[in-house]
1. Which angle from 0 to 90°, rounded to the nearest 10, does the C-alpha axis of helix 92-102 make with the longest principal axis of the chain?
2. Once a ≥ b ≥ c are taken as the square roots of the eigenvalues of the Cα gyration tensor of the stretch 121-165, is the result rounded (a/c under 1.5), prolate (a/b larger than b/c) or oblate (a/b not larger than b/c)?
3. When the dipole is taken about the Cα centre of the chain, and only Lys, Arg (+1) and Asp, Glu (-1) are charged at their Cβ, what size is it in debye, to the nearest 20?
4. Give me, ordered by chain and number, the residues 5 or more places off S139 or on other chains with an amide H under 5 Å from its own placed amide H.
5. For the stretch 1-153, with the dipole built from +1 on Lys and Arg beta-carbon atoms and -1 on Asp and Glu ones, taken about the Cα centre, which of C41, Q120, L5 lies farthest toward the positive end?
6. So which chymotrypsin sites (Phe, Trp or Tyr not before Pro) in the stretch 1-84 pass both tests, a DSSP loop state and at most 11 other Cβ atoms within 10 Å of the Cβ?
7. Tell me which residues come under 5 Å, amide H to amide H, from Q120 once H is placed; ignore anything under 5 positions away on its chain.
8. From the backbone phi of the stretch 76-81, what are the Karplus-calculated ³J(HN,Hα) couplings (6.51 cos²θ - 1.76 cosθ + 1.60, θ = phi - 60°) in whole Hz, Gly and Pro given as x?
Amino acid sequence: MFAALSSAKRVWAVLATKPRKEAPALAFLAKEGIEAYGPLCLNRRRSQKIQPLFPGYIFVWLSPKVELPKVRFYPCVTRPLIFGDQVACVEAELVDLWKSREGGRGYVTPEPAEPFRVGQRVRFKEGVFSGLEGTVIASLPARERVKVLLDHLGMQMPVEADRSLLG
């Protein structure tokens with residue numbers, strides 16, 4: 001979504017920050033009385049570390065015509081995302097959704113993936129086994145992987161795959 005730079009209507013504009021400076025940028029904007037949001041997420045693969053959902057970007061509730069010229073020079077902000085005479089922004093409903101998904105924890109949690117059942121037939125959507133089918137023999141939720149008995153060349157062989165590769 002885009003908003004004209006001449007617009008006085010408030011939008012959630014996208015600002016690029018300096019590397020790993022999302023939190024200081026948010027703190028400075030809050031101190032200046034400007035509403036800003038940088039959704040965080042829990043990275044389960046990296047020892048439960050909380051990190052930005054969109055590294056290097058934050059969202060600021062502002063009027064492109066009135067506040068954008070000031071905000072672009074704040075500490076830790078590198079630039080607003082501008083394309084021609086429009087600034088990139090996200091829908092307010094999307095920001096509300098992210099905030100509601102935080103559930104008071106301060107970070108967004110992913111929606112749980114639909115579990116695979118033992119015995120379920122699956123097809124590889126991408127990767128080296130793309131198009132091949134197999135049968136689920138084990139679900140490994142802690143590693144977000146699935147063990148599949150792959151049917152290939154008249155043989156069956158067990159393989160472990162990332163659940164995102166299967167459909």
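1. The angle comes out at about 60 degrees.
2. The shape class here is oblate.
3. Here the chain has a charge dipole of around 520 debye.
4. Hits under the 5 Å cutoff: K147.
5. C41
6. The qualifying sites are F73.
7. V136
8. 6, 9, 8, 5, x, 7
Any read-out appearing in this document is the output of simple, stated calculations on the displayed coordinates, not a laboratory observation. From a predicted model like this one, the values you see are computed outputs, not experimental measurements. We place every Cβ from the backbone using ideal geometry, glycine too, and count neighbours over all the protein chains shown.
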